[in-house]
Structure formats: C-alpha cells, structure tokens
Amino acid sequence: LEAFINDYVIDIVKNPEKYKLIGVDFPAAILLYGPSGSGKTYATERLVEFLDWPSFRIESGSIGSPYIHETSKKISEVFDKAINSAPSIVIIDEMESFLSTRQGSGQNLHHTEEVGEFLRRIPQARENNVLIIAMTNMLDCIDPAILRKGRFDHVIEVGMPTFEEISALLASLLSKIPTDENIKVENVATKLVGRAMSDATYVIREAGRIAAKESKTKIDQLCIDTALSSLPQSKAANHRIGFATGIKGG
C-alpha cells in the first residue's frame, strides 16, 4: 500500500509537469476495502497529514437524512466545498451506506438518487483537483457502476497489520514520550499481531495512563504488559496485504 500511495498519489502530486505531458493531470479516486480494524482509516489519515490539504468527510452520521433529496443535496454540498478548496480530499467513510447496489426490493428512488449524485460528482471532482478516498468493509455490496474505471480506478485490499507494521507504529509512538530503555518492542508487537492498529495505539496510551497514576516518569515494560492484559481476547488472523505505517516522499 505504501508503494501504491507513493506511485499513484504522491509522485503525481509532487511532479505534476512530467505527468501532464503524458495526459495524467491528477490522481484517480481510490477505494480501500478490508475488514474492520485493518487500517483503512489509519492509512487515510496519514496521507491526509502528509498532503496537508483541506479534507472533507462524507459519512452517514453527518450526511444521511430520512428526507427525500436531502442526502443527495448534502453530498453535493460537500463536493462543492472540496472543489472550491482544491487541491483537497474527500473521504467517503462506510461507502456501502450510500453506494450499495440499486437492485433489489429494499432499494428505492431515494437511494438511486444518491448513487447517481456520486456517479456525477466523482469524475468532476478529479477534474477539479479533488482526491477521492473511499473505504468499505463490504465490497460486494457496492453498486457495480461505482467500481467502473473512470470513477474508482484503484480498488485496493487492506489486510490486518503485519508484525513489521505494528512494530513500526509502536516505535513511532514510543519515540514521542519518555520510555524505559528496556522495553522490548518486538515482544509487544508479537502479542498484537492480528489485531487492529488502534489496539496498538490504545496499549501505549493506556500504558502512559498507568505510569502517570503510579507517579512514574517513564513508561516501562510493566506498564505496557498491564495495558496489554486489559485488551479483550482476539483470535489472530493472517491476511495477505497490510498497509503503510508512514508515508515516504515520492
């Protein structure tokens, strides 16, 4: 995923002249799919931080409405704001909430209108230097028209984080706070393999809370072990593709 982001987003953004010479004006829309906790949101947030562009979110909590035409109107407003702020990013979270297939008895004219609005606005956004990044846990539910080339050119699977990725995140988090030199990052990472990246972040934050409560000036291995023990049991899963813990320059 890191290589993909560097090649298909960052290098194009950093070197627009050489890409325009061969007809590539701006990065195409990206869809990240995979299980909950695999790091889709984490990877997106790191890219947003790296690009440092204005970002706008489309999610059911802020856009969804029971009133006919209201949801599609709000969708259009987000795209308008992004275009006016370009270069910018539009993040579509829980994509299946808006863009599930229009076939079937459960669908109605209201939903068809929402899908149609996305079909119209996504190509327009790219033409106006707006990067679209969408996320879903349920790729099979997405309307096929949305997944065609010209809308989402890149559909990328994001699996659960690997040992190396968790180790990199732990090292990054620990580098920002006082820590005991005897902490064994590799051992901690091993215990977190198969879990969401947010669990790794939680462990370090909880370890910090424990250290402060005990009036310690540094996080030590005991604090981390105690934090690990507070996590619910989880079965480790091996997924083929992971995601970048940091974005390097193109």
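The values are calculated or read from the model by the stated rules, or taken from the named source; none is laboratory data. From a predicted model like this one, the values you see are computed outputs, not experimental measurements. Cβ: placed from backbone, ideal geometry, glycine included. Neighbour counts: every protein chain shown. Accessible surface is based on the protein model in full, side chains and every heavy atom, while ligands, DNA and RNA are left aside. Shrake-Rupley method; radii C 1.70, N 1.55, O 1.52, S 1.80 Å.
Looking only at the range 151-170, count every residue that is in a loop (DSSP other than H, G, I, E, B) and touching a strand residue (DSSP E or B) at 6+ places or on another chain (Cβ under 9 Å) and tell me the total. Steps first, answer last, please.
Here is the first cut: in the range 151-170, the residues in a loop (DSSP other than H, G, I, E, B) are 151, 158-162.
From what's left, touching a strand residue (DSSP E or B) at 6+ places or on another chain (Cβ under 9 Å): 151, 158.
Residues in the range 151-170 being in a loop (DSSP other than H, G, I, E, B) and touching a strand residue (DSSP E or B) at 6+ places or on another chain (Cβ under 9 Å): 2 in total.
I'd like the full set of residues that are open to solvent by less than 50 Å² (accessible area, probe 1.4 Å), modelled with pLDDT of 85 or more and in a helix (DSSP H, G or I), limited to the range 106-132. It would help to see each step written out before you state the result.
Taking the range 106-132 as the starting set, the residues that turn out to be open to solvent by less than 50 Å² (accessible area, probe 1.4 Å) are 110-111, 114-119, 121-123, 125, 130-132.
After this cut, where a residue has to be modelled with pLDDT of 85 or more as well, the list is 121-123, 125, 130-132.
Hits for the range 106-132 are ARG121, ILE122, PRO123, ALA125.
Within the range 32-57, count every residue that is open to solvent by 40 Å² or more (accessible area, probe 1.4 Å) and assigned to a loop (DSSP other than H, G, I, E, B).
Total satisfying the criteria: 5.
Check off (1) out of contact with any helix residue (DSSP H, G or I) (no Cβ under 6 Å at 6 or more places or on another chain); (2) farther than 23 Å from GLU94 by Cβ for TYR19 and give me the number that stays unchecked.
(1)
Quick check on my filter: what residues within the range 116-127 are free of Cβ contacts under 8 Å to residues at least 60 places away in the same chain and under 27 Å from TYR42 (Cβ atoms)?
Hits for the range 116-127 are PHE118, ARG121.
Has the range 77-87 got at least one residue that is touching a residue at least 24 places away in the same chain (Cβ under 8 Å), surrounded by fewer than 19 Cβ atoms within 10 Å (Cβ to Cβ) and assigned to a helix (DSSP H, G or I)?
Of the residues in the range 77-87, the ones touching a residue at least 24 places away in the same chain (Cβ under 8 Å) are 79, 81-83, 85-87.
Next, only the ones that are surrounded by fewer than 19 Cβ atoms within 10 Å (Cβ to Cβ) stay: 81, 83, 85-87.
Now narrow it down to the ones that are assigned to a helix (DSSP H, G or I): 81, 83.
Yes, the range 77-87 has at least one match.
Under 6 Å between Cβ atoms, which residue pairs at least 6 apart in sequence (or on different chains) link something in the range 23-51 that is farther than 24 Å from PHE118 by Cα and in contact (Cβ under 8 Å) with a residue 40 or more places away in the chain with a partner that is in a loop (DSSP other than H, G, I, E, B) and among the hydrophobic types (A, V, I, L, M, F, W, C)?
GLY37/ALA196; SER38/VAL158; SER38/MET160; GLY39/VAL158; GLY39/PHE243; ARG46/ILE247; PHE50/ILE247
When you go through (1) modelled with pLDDT of 90 or more; (2) in a helix (DSSP H, G or I) one by one for MET135, which number turns out not to apply?
(2) is the only condition that MET135 fails.
Restricted to the range 146-173, and to residues that are open to solvent by less than 10 Å² (accessible area, probe 1.4 Å) and of a type in the set (A, V, I, L, M, F, W, C), which residue is nearest to TYR8 (Cα to Cα)?
First, pick out the residues of the range 146-173 that are open to solvent by less than 10 Å² (accessible area, probe 1.4 Å): 146, 152, 158-159, 161, 166, 169-170.
Within this subset, residues satisfying the condition of being of a type in the set (A, V, I, L, M, F, W, C) are 146, 152, 158, 166, 169-170.
Working: ILE146: 20, PHE152: 13, VAL158: 16, ILE166: 24, LEU169: 23, LEU170: 27 Å.
It comes out as PHE152.
Could you run through the range 182-196 and say how many residues are more than 16 Å from SER229 (Cα to Cα) and among the polar types (S, T, N, Q)?
Adding up the residues that qualify gives 1.
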